[in-house]
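The values are calculated or read from the model by the stated rules, or taken from the named source; none is laboratory data. Keep in mind that this is a model prediction, so the values were computed, not measured. All Cβ positions, glycine included, derive from the backbone under ideal geometry; neighbour counts span all protein chains shown.
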Amino acid sequence: MHHDVLKENKELRRKMTAVMANARHNEERLRRFHEQELNLLSANGLVDLLRTVLVGHRQVFGLESVTLGVIDGEYDIQRLLADLGCDDSFPEIVFFESGGELAAFFADAQVPRLGGFREAMHGALFAPVTVPASVAVIPLRRHGRLIGSLNLGSVEDGRFIAGSATHFLERLGAVVAVALENAINQERLKHIGLTDALTGVHNRRYFDRRLLEEVERVQRDGEPLSCLFLDIDHFKRINDNYGHQVGDRVLQEVAARIKAQLRLSDALGRYGGEEFAALLVHTDTEQAREIAERIRMSIADEPFLLGGAHHLVLTLSVGLATLHSSGAEPLGERVGEQLVGLADAAVYRAKEGGRNRVEQATESFG
């Protein structure tokens, strides 16, 4: 009997040790979660938040794969990232044009989906990173609307098992969704202050700031930067003959057509009046001239509708200049101003040469 009591006590101690170890594990996991939650809610802007989500979760929770699915039908978020100069900095982000694909993945329940990795089901969500063995795909919802998913992957087969830790993961998804929405809205507010109210493209303030950043990138990467200066031909006649309301509509349409020919990484700004300027990153003179010609033709080849049977034929004069850097010597402090000045001077030659044409700067530098 004494032996049985000792055996029972030993088994009880073993169970107590296991319970205590599990409790300490859960306590540590909860502590790490709270720390990460604070990091998410205190992130300094969208870029900092994305690093916290994509890198921080991987490090804090010991995961091999963390990706973010984002619904971005209007390319709004991608443009914000491009404006911040980091559109290619987060390959772990997977963008969806509509919420249909993600909504179908979660079905009606809209709760975290855990289990083994299946290529047909999870491949699109984890394509940019290491293929995991088990995954947790967490819906990100705000105000009853699906805005994306947080996707966690582990090389351990049993790390994520269907039905386990769903409360913890739902809480994580709720915090990430709030933080992501807030960060995007903050960037949008900043963006408004750098946007031309009439045309919706960037304003002069943004263009000047971006110019400094891109010149620094030329110095750092050695890749060329081209500048286009674009001026609507005979714009004063439009205001005089049709009124300023028509003139405003023309400016809006011209801005939209120019923007349609540019990449997300390029920067377009209304420089003043009927003048626009564009920065084409990693673009040499030949490539820039092709883009400039596409822009010119997009204006000249399609009349602007004024309502009813009335239409207006417009043309655009474009000046082009390119900055190169060997990286051997630092670029001058005013090199950005020189680049724009050369493109501006080329516009005048385009107008003197008959308008509706692209002129390249005769002077090169850098």
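Answer with yes or no whether VAL137 is under 18 Å from ALA177 (Cβ atoms), assigned to a loop (DSSP other than H, G, I, E, B) and more than 19 Å from the chain's Cα centre (by Cα).
Numbers: under 18 Å from ALA177 (Cβ atoms): yes; assigned to a loop (DSSP other than H, G, I, E, B): no; more than 19 Å from the chain's Cα centre (by Cα): yes.
The answer is no for VAL137.
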When every residue in region 213-264 that is outside any helix (DSSP H, G or I) and farther than 17 Å from ARG289 by Cα is compared, the one modelled with the lowest pLDDT is LEU264
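Just one of GLY153, GLY148 is crowded, with 23+ Cβ neighbours inside 10 Å, touching a helix residue (DSSP H, G or I) at 6+ places or on another chain (Cβ under 6 Å) and assigned by TED's automatic domain parsing to the domain that holds SER98; which is it? Before you say what the answer is, go through the steps one by one.
Numbers: GLY148 fails: touching a helix residue (DSSP H, G or I) at 6+ places or on another chain (Cβ under 6 Å).
The match here is GLY153.
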Contact list, first residue from region 278-299 and farther than 16 Å from ARG210 by Cβ, second anywhere and assigned to a loop (DSSP other than H, G, I, E, B) and of a type outside the set (Asp, Glu), beta-carbon distance below 7 Å, six or more apart or interchain, is ASP284/PRO224; ILE291/GLN261; ARG294/GLN261; ILE295/GLN261; ARG296/ASN356; SER298/GLN261; ILE299/LEU314; ILE299/THR315
With respect to LEU38, determine if the residue is exposed (fewer than 13 other Cβ atoms within 10 Å of the Cβ), in a helix (DSSP H, G or I) and at pLDDT 80 or above.
yes
PRO139 passes all but one of the listed conditions (1) modelled with pLDDT under 90; (2) under 22 Å from GLY69 (Cα atoms); the exception is number (1)
inquiry  = Looking at the structure I just gave you, is ALA179 surrounded by 13 or more Cβ atoms within 10 Å (Cβ to Cβ) and either touching a Pro at 6+ places or on another chain (Cβ under 8 Å) or not in a loop (DSSP other than H, G, I, E, B) (or both)?
reply    = yes
